[in-house]
Amino acid sequence: SIVTRVYETMGIPTVVTDGNVYGNVVKVSTNQLYPVIPDLANIDLGEPSEPTPERIFVPRRGDRSIINNSEIAELLEQRGFVTCYFEKYTPRQQWTMMRHAKAIVIVHGAAGAHMNFNRVGLDTDGPGPRIMEIFSPYFVLRGWRYLAPLMDGKWCAVRGQITPDTVRTLDFSNWDSKLSPLLTPIKSPFHVDAGTVA
């Protein structure tokens, strides 16, 4: 799993089990993580063996992927972006790419956590990273809205196209529980209007 690979990369021993785990649960809110961002940016990852792209597009495969991904990728590539499926890279390579990226277009997901390593605003006199986060039409999370300014960066969100099925799903009148990004159809692939990304 990505979590195991991350811990191995950082030299932190792990124990993996399918059995029950007992112990104290520690809950950390996003607000408590804000002061950690500069420390993550200063972790020594070594220098990349070859230059990393300044503009990257990080799409998803499977759950919450973009139905018209090839159209969005082509549009972004015409603007100098390089499409990077993070599953193909080690955690260290992912961190290094995110560390040096000046512009990031990313479909919301776990890969976004690697943006914590970005040093663009810290290593240069210029601004921090420009981040566009693409969301499923079923939800939007604002974590990077608050984190990007800590790196002297900018953040904006693009939401997938809302369809009649989306509206029916978001009718909370019959819901007994909170809307979760883990539930179907919330994790279904979605269409993005290219004009909203341009």
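The values are calculated or read from the model by the stated rules, or taken from the named source; none is laboratory data. Model, not experiment: these values are computed from the prediction. All Cβ positions, glycine included, derive from the backbone under ideal geometry; neighbour counts span all protein chains shown. Just the protein is used for accessible areas: all its heavy atoms, side chains included, with ligands, DNA and RNA removed. Shrake-Rupley method; radii C 1.70, N 1.55, O 1.52, S 1.80 Å.
Extension gain for Glu74-Tyr89 works out to 3.3 nm (0.36 nm per residue, less the C-alpha to C-alpha distance). Asn24 to Asp165: extension gain in nm, 0.36 nm per residue of separation minus the Cα-Cα distance? Computed gain between Asn24 and Asp165 is 46.7 nm. Each other residue within a Cβ distance under 13 Å of Val58 adds +1 if Lys or Arg and -1 if Asp or Glu, for a net charge of +3. Modelled spin labels at Glu8 and Asp152, positioned 7 Å past Cα toward Cβ, are 3.7 nm from each other. Net charge in the neighbourhood of Pro149 (other residues with Cβ under 13 Å of its Cβ; Lys, Arg +1, Asp, Glu -1) is +3.
Compute the signed sum of charges (Lys and Arg +1, Asp and Glu -1) over the other residues within less than 10 Å, Cβ to Cβ, of Val158. Before the final figure, lay out the partial values.
Working: positive: Arg159; negative: Glu133, Asp193.
Once positives and negatives cancel, what remains is -1.
By a 1.4 Å probe calculation restricted to protein chains, Val82 has an accessible surface near 60 Å², given to the nearest 10.
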